[in-house]
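Let me begin by presenting the structure, written as structure tokens, before commenting on it.
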Amino acid sequence: MAASFTSQQAYIAEFNPKDYLQRYYLEGSGIHSGEWTDFALKHLHETFTKSGVRGDTLLDVGTGPSIYHLLSACEVFDEIIVSDLLEQNHVEFQKWLKKDPDAFDWTHIIKFVCDLEGNRENYDKKAEKLRSKVKQVLKCDILKRKPFHPLVVPPVDCLLSCLCLEVVCEDMKSYCEVLKNFKDLIKPGGHLLILSGINATFYNVGEKRFSAMISSKETLEVAFKEAGYQIEKAVYTPRVDKSQKDITDYDTKYFIHARKQK
Ligand SMILES: C[S@@+](CC[C@H](N)C(=O)[O-])C[C@H]1O[C@@H](n2cnc3c(N)ncnc32)[C@H](O)[C@@H]1O
């Protein structure tokens, strides 16, 4: 059953980062550990190598407690800024940064990225490299006109967001507004990378059901264009493993690489 729109208060009170990581990224049983991470990590690897996206700073929004999507970026950016609405996600992310024994074990994902990069032996070095590149963990609210207010984040070369916009925005109008607001955070000619799922109405974390917003290839591309971006690449791949549709019901994975006009 679809969930009614999840308020920020509900996120603050009920999003448990440990439950999220266990349910979605645990080796073997995590819903996203495999099909989703394979899709996202292959496209990100390609984007940061063949497509030549690189620069001084990458800003990730809606990072949550996750690190998987930053593993290839750390090879080609000097600095990574991560950000999320929730303090509990910052705490969990910091645990990984500080090698806290209670931190989530991302080794299987780190090995997968090292494999993609032809460097399987060096997965300890890979983790260290990412840790050294994350320079700031910030609070943000992407529904605000200035998501980092009162902080001013100088425009970056690349803004990345995974599995976030569909669960934060109530409808396509709000999604398009968020894309427009992102433009102030990106340098002229800079890159926007959005990866997520289409046609989800919910995702579960622990016992709590969080809402998601229905989108489609057509409505997404209209939103990017209306927000003033040029789409460089758009990939839509149907979900193959439908065995855990009672936990999250998206039916297609997507990756959109867009650019802000120069
Ligand atoms: C499904 S999780 C995705 C986490 C991570 N990017 C990943 O790929 O695993 C959605 C994230 O959006 C964050 N979020 C919810 N509302 C937000 C808002 N208004 N601004 C920024 N982040 C928000 C949540 O705290 C959560 O970390």
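The values are calculated or read from the model by the stated rules, or taken from the named source; none is laboratory data. Given the structure is predicted, the values throughout are model-derived calculations rather than measurements. Positions of Cβ are generated from backbone atoms using ideal geometry, with glycine treated the same way; all protein chains shown enter the neighbour counts.
Looking at (1) surrounded by fewer than 19 Cβ atoms within 10 Å (Cβ to Cβ); (2) of a type in the set (Ser, Thr, Tyr); (3) within 16 Å of the ligand (Cβ to nearest atom), can you tell me which one Tyr175 breaks?
Condition not satisfied by Tyr175: (1).
Return the pair list, or none, for Cβ contacts closer than 7 Å from residues in region 151-164 that are closer than 27 Å to Leu21 by Cβ and modelled with pLDDT of 95 or more to residues that are hydroxyl-bearing (Ser, Thr, Tyr) and more than 9 Å from the ligand (Cβ to nearest atom), at least 6 apart or on different chains.
Partner pairs satisfying both residue conditions: Val156/Thr57.
Criterion first (within 16 Å of the ligand (Cβ to nearest atom), assigned to a strand (DSSP E or B), farther than 22 Å from Tyr11 by Cβ and of a type in the set (A, V, I, L, M)) does Ile109 satisfy it?
So Ile109 does not fit the description; no.
Given region 1-99, what helices (runs of 4 or more DSSP H) lie entirely inside it while holding 1 or more residues that are within 14 Å of the ligand (Cβ to nearest atom), touching a residue at least 60 places away in the same chain (Cβ under 8 Å) and buried (at least 22 other Cβ atoms within 10 Å of the Cβ)? Show your work before the answer.
Working: elements: 8-14, 17-25, 35-48, 87-97.
Output list reads 17-25, 35-48, 87-97.
Pick out the one residue from Lys139, Lys133 that is within 18 Å of the chain's Cα centre (by Cα), within 14 Å of Gly64 (Cα to Cα) and modelled with pLDDT of 95 or more.
Working: Lys133 fails: within 14 Å of Gly64 (Cα to Cα).
Just one listed residue meets the conditions, Lys139.
Of the residues Leu160, Leu165, which single one is touching a His at 6+ places or on another chain (Cβ under 7 Å), within 12 Å of the ligand (Cβ to nearest atom) and of a type outside the set (Val, Ile, Thr)?
On the way: Leu165 fails: touching a His at 6+ places or on another chain (Cβ under 7 Å).
Exactly one residue qualifies, and that residue is Leu160.
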